[in-house]
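Enquirer: Let me begin by handing over the structure; questions about it come next.
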Number of protein chains: 2
Amino acid sequence: MSKIKSISTVTGHIYDVPDNNDEDRLISFVNSNNNKKIVAIQGLGFVGTAMSLVVANSDKNEYAVLGVDQANKESYWKIAEINSGICPIVSSDPLLYEFFESTRQKENFYATHDPKAFSYADVIIVDINLDVTKIKDNSGNLDSFDVPMTGFKKAIELIGQECKKDVLILIETTVPPGTCQKVVYPIIVENLRSRGLETDKFKLGHSYERVMPGPNYMNSIKNFYRVYSGINNKSANSVEKFLKTVISTDEYPLTRLKTTESTEMAKVLENSYRAMNISFAIEWSRFAESSGVDLYEVVDAIRLRPTHANLMYPGIGVGGYCLTKDPLMASWASEKFFGLKSGLQSSVKAVENNDKMPSYCFNFVNNIIQNFDKKLTRIGLLGVAYGPGIGDTRFSPVEDFYNRISMQFEDIKCQDPYVSLWPELNLKIETSLESFLNRIFDVLIVTTGHRDYLKNNSIYELISKVDQEMIIIDTVGLLDLKKLPKHYSQNKNFYVLGVGHKKD
Amino acid sequence: MSKIKSISTVTGHIYDVPDNNDEDRLISFVNSNNNKKIVAIQGLGFVGTAMSLVVANSDKNEYAVLGVDQANKESYWKIAEINSGICPIVSSDPLLYEFFESTRQKENFYATHDPKAFSYADVIIVDINLDVTKIKDNSGNLDSFDVPMTGFKKAIELIGQECKKDVLILIETTVPPGTCQKVVYPIIVENLRSRGLETDKFKLGHSYERVMPGPNYMNSIKNFYRVYSGINNKSANSVEKFLKTVISTDEYPLTRLKTTESTEMAKVLENSYRAMNISFAIEWSRFAESSGVDLYEVVDAIRLRPTHANLMYPGIGVGGYCLTKDPLMASWASEKFFGLKSGLQSSVKAVENNDKMPSYCFNFVNNIIQNFDKKLTRIGLLGVAYGPGIGDTRFSPVEDFYNRISMQFEDIKCQDPYVSLWPELNLKIETSLESFLNRIFDVLIVTTGHRDYLKNNSIYELISKVDQEMIIIDTVGLLDLKKLPKHYSQNKNFYVLGVGHKKD
């Protein structure tokens, strides 16, 4: 055994990271599922784990799933927990746990760190991360960014070294447009050739997921539109056939695009669009606050227009794994792969604006606190996840916000119903709202719009029991002033980002 | 009679601009409508004329409408034509002409240049233009811009000098947020005071139109959601009462916002949003062309997502009166009226990007022509209006495109079913597609996406009769390659902006 330990961010358990192979158990899993096709899924993150569960719960129960991830500090605990019956993801979607439990019953989902897994697979789905590195100046402006492809290439190498010659490789990872043709295809061909295998039998396709790890997590894979493509017709047909067995394509018909570049572009385009819409709302928040306009009211009025129904509300910023990087990835590919000189400037600018939002939000909050007529020191944050109903803290805007506010104030406590340990900050988080609001706060800041807070009006009831003066700052537009205790309407004690002081 | 002449862009008729007042006819019109309330509408452009017709055709037939515009070269012909029974607007909406005809029958719509009209009015609606001036550098970048308020202030003065003390003044003009409170209100108060009248009886409100002068022109006023506000409760109530009599508010409920700043902001916000979405599509067009991706196919696939259903297609650029200026107006107000230091940078950038689109489109077209294996000289443009089904050429992106292409090529002809005279360029335009395609062209460029071209497949039939080699460049994604004669699929003769050479 190696000395590396891997700590679960879900249970807090500590696992020894193995340094041996996993061949025996792999063979035994494959043998006991010999009436099923083997699907290997590379990457056990929020997408890969969910995709594993959806595939393992296909309507005709025709697949056994091998989840493959790395034996390292960050990832190994997921392998260990899946195999011990613990779902490595926390979500408000009950279907996640049902699906997980069902794979336990059927014994058709096994997780491993051994790349040998790929040698048994009829289908290999790539769901690993591909990150963007950002370099910022002191004011938070984006100096430069890069998409280091080394890790991704190595992962594809692992597949090429093991895969069957007629495997279907389906890339779901968000990649710079051009990657399937310019990166994946040559690596697989080269590896097959050096293994003395034919290089024209494998199928390579791209189909991106639209996973939303909130209350509709599983259905965002199983019951939603999919776009797909293949590097040739045979590949596209093969992807189509596979997707039809795992996704409800009768209700959500598949869309085939002509080239892998097209689907790769579609993915980053739709996320860039979202990022830009958020960036737009941010800019107008400032205008609204300075002119005494309630931006929520304005957005509600405009959203009645069908063409404007997706206009975004103001907020603390955009987080999560996708919107914070996909526009940059797109711009990078446009320059590096296709020679577009200036890249995609507005998309890059959107990310830059969005990245600055937590700092703007901090200034908004700090201004209120500093200008208050008495000293406010005890601060509570409601929500650390990057979005409502999600236990994911990756690139959460609350992280940047927390880092800033904790430089100014000493006494800061955090609560989140879905996060007990904040891995990026190594902070223990209170999950019970009731216990949390039993503490005394001078300022309560809503930082994630979890719907749970509103269930049975729980947050309003708990706040009404607070007999200490407490100002509330809502950075995500969750709370309804009318439901707060009356004194919030009368005094200067309720503030909303994108509105300013709200009295109504 | 003065020596100034005013030429109709609809009929080509020339009218002498009068320099006398119009009191006699005004009094006679008011007297013959003494059982009706008088609504004066200031500004007889695409909004004011349409609004006049909607008000004059209210369900209960309770209004007589006085259309007021200026006795000058640009505007007087509209007054003259309305009073001679000629609708001063060309549109694909048959309801426009029905409404106009009905006011002729009812004799409840009269146009005048005499501001005395305001003295008879119970309701005054302001629909005049408020322009933004742009100063650009040689590369088309926006150096600076301004919103000169002098003309607007003078127009409000005219109202203040004449209006009844208890009039309802409803601003529909798109104005910099803050204008009702900071500009209109003080001017009216000052004028009433100097006329010795009470200053607390008049009502002032703001409600913006969402007029789309295409096939749904009249219904875009009468049957659509409206947002409104007043400078006080009494004003807001008064606006509400009035709007309920002219708009189908049962089906499209009104939305009241708290302040006039809020509705003023809503208007420029929604147009900025649209402008930004267009700017976004433009940027990705370039990426698509450089990577061989068919952006139309990609956008179609993405639009299946309800949250992305308003994603825009690529195109020659954004035109019309609103989207090209409203984001700048908003940014201007955020700085001038509310001290926001950096203004609204992304909104400004969107206008700048959009303004450069015709130049990008010209390069796209010019590249194709210059790289073609034979010399192409005879060029035909289909469409000069700024959008489909519209006879409006104001700020049409085709204008900039035309100016560029006509510097490079001598033989350029234009066709548009809705425009017989292109006022900005003082060019006669062929309205018949058939006559137009009887000419011989080397290059046919689709520059406005008029649906008329597709009616009964007329354009495809006419193109199939062309026996000369003709390349087609579609800058707005109107044509379907499959419906074009077969040789377009086989040869390099069909190009689409946002796609490049299209063979399928």
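The values are calculated or read from the model by the stated rules, or taken from the named source; none is laboratory data. All figures in this text were calculated on a predicted structure; none of them were measured in a lab. In this analysis, Cβ positions are derived from the backbone assuming ideal geometry, glycine residues included, and neighbour counts consider all displayed protein chains. Calculation scope for accessible area: heavy atoms of the full protein, side chains included, ligands and nucleic acids excluded. Shrake-Rupley method; radii C 1.70, N 1.55, O 1.52, S 1.80 Å.
Enquirer: May I ask you to find the residues of region B:340-357 that are shielded by at least 40 Å² of accessible area once the whole protein assembly is considered instead of their isolated chain (probe 1.4 Å)?
Expert: B:Leu340, B:Leu344, B:Ser346
Enquirer: List the relative contact order of region A:1-76 as a percent without decimals, with contacts defined as Cα pairs under 8 Å and 6+ residues apart.
Expert: The value is 34 percent.
Enquirer: Once amide H atoms are built 1.01 Å from N in the peptide plane, which residues 5 or more positions from B:Ile171, or in another chain, come under 5 Å H to H?
Expert: B:Val126, B:Gly205, B:His206, B:Ser207
Enquirer: I would also like to ask the following. Taking both sides together, what accessible area is buried at the B/A interface, probe 1.4 Å, expressed in Å² and rounded to the nearest 100?
Expert: On the way: alone 22710 and 22710 Å², together 39980 Å².
Rounded to the nearest hundred, the buried surface is 5400 Å².
Enquirer: Put a point 7 Å out from Cα along the line to Cβ at B:Thr245; what are the distances to that point in the other copies, in nm, shortest first?
Expert: So the distances to the same position in the other copies read 7.0 nm.
Enquirer: Apply the Karplus parameterisation 6.51 cos²θ - 1.76 cosθ + 1.60, with θ equal to phi minus 60°, to every residue of region B:412-421 and state each ³J(HN,Hα) to the nearest whole Hz, in sequence, with x for glycine and proline.
Expert: For region B:412-421, the Karplus curve yields 10, 10, 10, 9, 7, x, 10, 10, 9, 10 Hz.
Enquirer: Quantify, in whole percent, the carbon and sulfur part of the accessible surface of the protein assembly as shown (1.4 Å probe; protein heavy atoms only).
Expert: 47
Enquirer: Rounded to the nearest 20 Debye, what is the dipole magnitude of the protein assembly as shown about its Cα centre when Lys and Arg each give +1 and Asp and Glu each give -1 at the C-beta? Intermediate values should be presented prior to the final figure.
Expert: Details: 114 positive and 124 negative charges, 33 e Å.
Here the size comes out at about 160 debye.
Enquirer: Could you tell me how far the Cα centroid of region B:125-186 sits from the Cα centroid of region B:224-266, in Å?
Expert: 20
Enquirer: Follow-up. Indicate the helices, whole DSSP H runs only, in chain B that combine a mean Kyte-Doolittle hydropathy of -1.0 or more with a Cα extent along their long axis of 30 angstrom or more.
Expert: B:260-291, B:345-370
Enquirer: Please list A:435-445, B:280-290 highest first by mean number of surrounding beta-carbon atoms within 10 Å per residue.
Expert: Values: A:435-445: 18.5, B:280-290: 23.5.
Descending mean neighbour count gives B:280-290, A:435-445.
Enquirer: Translational diffusion coefficient of region B:61-154 at 4 °C, 1.567 mPa s, Stokes-Einstein with Kirkwood Rh over Cα pairs, in µm²/s as a whole number. Each step should come with its number before you reach the end.
Expert: Values: Rh = 16.1 Å.
The Stokes-Einstein estimate is 81 µm²/s.
Enquirer: With N denoting the number of residues in the protein assembly as shown, provide Rg(C-alpha) divided by 2.2 N^0.38 Å, to two decimal places.
Expert: 1.05
Enquirer: Measuring with a 1.4 Å probe in the full set of protein chains, what accessible area per residue, in whole Å², belongs to region A:407-479? Spell out each step's value before the answer.
Expert: On the way: 3470 Å² over 73 residues.
Using a 1.4 Å probe on heavy atoms only, each residue of region A:407-479 averages 47 Å².
Enquirer: Over all distinct alpha-carbon pairs, what is the Kirkwood Rh of region B:293-501 in angstrom? Mind showing how you got there, number by number?
Expert: Details: mean 1/r = 0.0546 Å⁻¹.
Across region B:293-501, the inverse of the average 1/r is 18.3 Å.
Enquirer: Which whole-Hz ³J(HN,Hα) couplings does region B:476-485 yield from phi under the Karplus relation 6.51 cos²θ - 1.76 cosθ + 1.60, θ = phi - 60°, glycine and proline marked x?
Expert: So the Karplus estimates, Gly and Pro as x, are 10, x, 7, 8, 9, 3, 5, 8, 7, x Hz.
Enquirer: Also, I was wondering about something else. Mind listing the label-point distances from B:Glu469 to the same position on all other copies, shortest first, one decimal in nm, points 7 Å along Cα→Cβ?
Expert: Going from nearest to farthest copy, the values are 8.5 nm.
Enquirer: Return the subset of A:Lys413/A:Lys455; B:Lys201/B:Lys267; B:Lys134/B:Lys336; A:Lys375/A:Lys492 for which the Cα-Cα distance in this structure is over 18 Å, preserving the input order.
Expert: On the way: A:Lys413/A:Lys455 22 Å; B:Lys201/B:Lys267 27 Å; B:Lys134/B:Lys336 16 Å; A:Lys375/A:Lys492 15 Å.
Violating the 18 Å Cα-Cα cut-off are A:Lys413/A:Lys455; B:Lys201/B:Lys267.
Enquirer: Now for a different question. What average count of beta carbons from other chains do you get within 10 Å of the Cβ of residues in A:308-317? Walk me through the numbers on the way to the answer.
Expert: Working: counts 8, 4, 9, 4, 2, 0, 0, 0, 0, 0.
Per residue, the number of nearby Cβ atoms from other chains is 3 on average.
Enquirer: Here's a follow-up. Rounded to the nearest 500 deg cm²/dmol, what is the calculated helix-only ellipticity per residue at 222 nm for chain B, with -39500 (n - 2.57) per DSSP H run of length n ≥ 4? Each step should come with its number before you reach the end.
Expert: On the way: 16 runs with 188 residues, N = 504.
Taken over chain B, the calculation gives -11500 deg cm²/dmol.
Enquirer: Per residue of A:272-280, what is the mean number of Cβ atoms on other protein chains within 10 angstrom of that residue's Cβ? Numbers along the way, then the final one.
Expert: On the way: counts 3, 12, 3, 0, 7, 7, 0, 2, 10.
Mean number of neighbouring Cβ atoms from other chains: 5.
Enquirer: Moving on. Roughly how crowded by other chains is peptide B:226-237, in terms of the mean Cβ count from those chains within 10 Å of each of its Cβ atoms? Write down the numbers at each step before the final one.
Expert: On the way: counts 2, 7, 1, 1, 0, 0, 0, 0, 0, 0, 0, 0.
The per-residue average across the peptide is 1.
Enquirer: Mind grabbing the base-10 log of I(q)/I(0) for region A:6-93 at q = 0.24, 0.26 Å⁻¹? Debye formula, identical points on the C-alpha positions, no solvent, two decimal places.
Expert: Each listed q maps to, in turn, -1.32, -1.42.
Enquirer: Can you list residues whose amide H is under 5 Å from B:Asp474's amide H, if they're 5+ apart or on another chain and H is modeled 1.01 Å from N?
Expert: Close amide H contacts, sequence-distant or interchain: B:Val446, B:Tyr495, B:Val496, B:Leu497.
Enquirer: When ligands, DNA and RNA are left out and all protein chains stay put, how many square angstrom of accessible area per residue does region B:5-263 have with a 1.4 Å probe? Write out the running numbers ahead of the final one.
Expert: Values: 10510 Å² over 259 residues.
Value for region B:5-263: 41 Å² per residue.
Enquirer: For a quick check: with amide H placed at 1.01 Å from N, whose amide H comes under 5 Å from B:Val68's, ignoring anything fewer than 5 positions away on the same chain?
Expert: Counting only residues 5 or more places away or on other chains, the set is B:Ile41, B:Gln42, B:Gly43, B:Thr112.
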